[in-house]
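Peer 1: Encoded as structure tokens, here's the structure I'll be asking about.
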Amino acid sequence: MDKKKFIMSYSCGKDSTLALYRMIEQGHTPLALMITINKKNNSSWFHNISSNHMRDVANSLDIPLMLIQCEGDEYEASFSEALSKFKEMGADSCVFGDIDIEAHREWCTKRCTEANIEPIFPLWQENREDLVHEFIDKGFKATIKIVNLNYLSSEFLGKTLNREIVEIIKKEGADPCGENGEYHTFVYDGPLFRYPITFKVLDKLEKDNYGILSID
């Protein structure tokens, strides 16, 4: 692969962090972390990370942060528009942390096609459990930020992701990597970070069948 100047579609979660890590290790250059923000609560879509923590992460990673604020019905158009702007800034590709859900790949590929940049999926079709083990073994640190209560109890919230927790998640009948949305993580330290992100746990909430770790 030629050396890329890429935009990272970033969630602050483990899969996008591992994809970012692999790209940097291969000598590619990240131009920015692109994170979509829910206008209603000023937190990231899906992972519910506050904009303050995103800025902390970007500073520690030493990569510029680009926040894309949108409502749910604006999400697709806002994403495509942002990619077009990145193309004008010199980006030739956008990197995603998706593993094997074809509908996600198709959506991301379509947005990139609209912006005339290349979609890259560094983790695509690799073994899910192997990937989460790779993430842990590389030395990244992540806390479980959200759980789908259909699969996992709120007791998992705030747990540091390690091999022991992965085994417990498996025994609960959930996917060890959480690729089906069983859980989401907040990565706060690891080989890419200049310093760990500090945070304080405020509460554990339950809403719309999801458990959410509230942090400050």
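The values are calculated or read from the model by the stated rules, or taken from the named source; none is laboratory data. The model shown is predicted, which means the values in this text are computed figures rather than measured ones. Quick reminder, even Gly has a Cβ in these numbers, built from the backbone with ideal geometry, and neighbours come from all protein chains shown. For the accessible areas, the whole protein counts, side chains as well, though only heavy atoms, and no ligand, DNA or RNA atoms are used. Shrake-Rupley method; radii C 1.70, N 1.55, O 1.52, S 1.80 Å.
Peer 1: Determine if segment 54-71 includes at least one residue that is out of contact with any strand residue (DSSP E or B) (no Cβ under 9 Å at 6 or more places or on another chain), open to solvent by 40 Å² or more (accessible area, probe 1.4 Å) and on the phi > 0 side of the Ramachandran plot.
Peer 2: Yes: segment 54-71 contains one or more residues that are out of contact with any strand residue (DSSP E or B) (no Cβ under 9 Å at 6 or more places or on another chain), open to solvent by 40 Å² or more (accessible area, probe 1.4 Å) and on the phi > 0 side of the Ramachandran plot.
Peer 1: Condition first: touching a helix residue (DSSP H, G or I) at 6+ places or on another chain (Cβ under 6 Å) and either aliphatic (A, V, I, L, M) or open to solvent by 80 Å² or more (accessible area, probe 1.4 Å) (or both). Now tell me which residues in segment 168-205 satisfy that.
Peer 2: 187, 192, 194, 195, 197, 204
Peer 1: Which residue, of 20, 31, is surrounded by 17 or more Cβ atoms within 10 Å (Cβ to Cβ) and farther than 21 Å from residue 135 by Cβ?
Peer 2: Step by step, each of 20, 31 is checked, and only 31 is surrounded by 17 or more Cβ atoms within 10 Å (Cβ to Cβ) and farther than 21 Å from residue 135 by Cβ.
Peer 1: Which members of segment 93-116 meet the condition of being more than 16 Å from residue 14 (Cβ to Cβ), out of contact with any Cys (no Cβ under 7 Å at 6 or more places or on another chain) and surrounded by 18 or more Cβ atoms within 10 Å (Cβ to Cβ)?
Peer 2: Across segment 93-116, the qualifying residues are 93, 108, 111, 115.
Peer 1: Right, something else. When you go through 101, 165 one by one, which is the residue that is of a type outside the set (Asp, Glu) and closer than 25 Å to residue 195 by Cβ? Can you show your working first?
Peer 2: Working: 101 fails: closer than 25 Å to residue 195 by Cβ.
Testing whether each residue is of a type outside the set (Asp, Glu) and closer than 25 Å to residue 195 by Cβ leaves just 165.
Peer 1: Of the conditions (1) among the charged types (D, E, K, R); (2) under 30 Å from residue 176 (Cβ atoms); (3) surrounded by fewer than 18 Cβ atoms within 10 Å (Cβ to Cβ), residue 14 clears all except one; give me its number.
Peer 2: Among (1) among the charged types (D, E, K, R); (2) under 30 Å from residue 176 (Cβ atoms); (3) surrounded by fewer than 18 Cβ atoms within 10 Å (Cβ to Cβ), residue 14 violates only (3).
Peer 1: Got a number for residues in segment 126-167 being out of contact with any helix residue (DSSP H, G or I) (no Cβ under 8 Å at 6 or more places or on another chain) and either farther than 23 Å from residue 204 by Cα or not basic (Lys, Arg) (or both)?
Peer 2: Residues that pass the stated criteria total 20.
Peer 1: Somewhere in segment 117-136, is a residue crowded, with 20+ Cβ neighbours inside 10 Å, touching a residue at least 24 places away in the same chain (Cβ under 8 Å) and within 18 Å of residue 44 (Cα to Cα)?
Peer 2: Looking for residues that are crowded, with 20+ Cβ neighbours inside 10 Å, touching a residue at least 24 places away in the same chain (Cβ under 8 Å) and within 18 Å of residue 44 (Cα to Cα), one finds none in segment 117-136, hence no.
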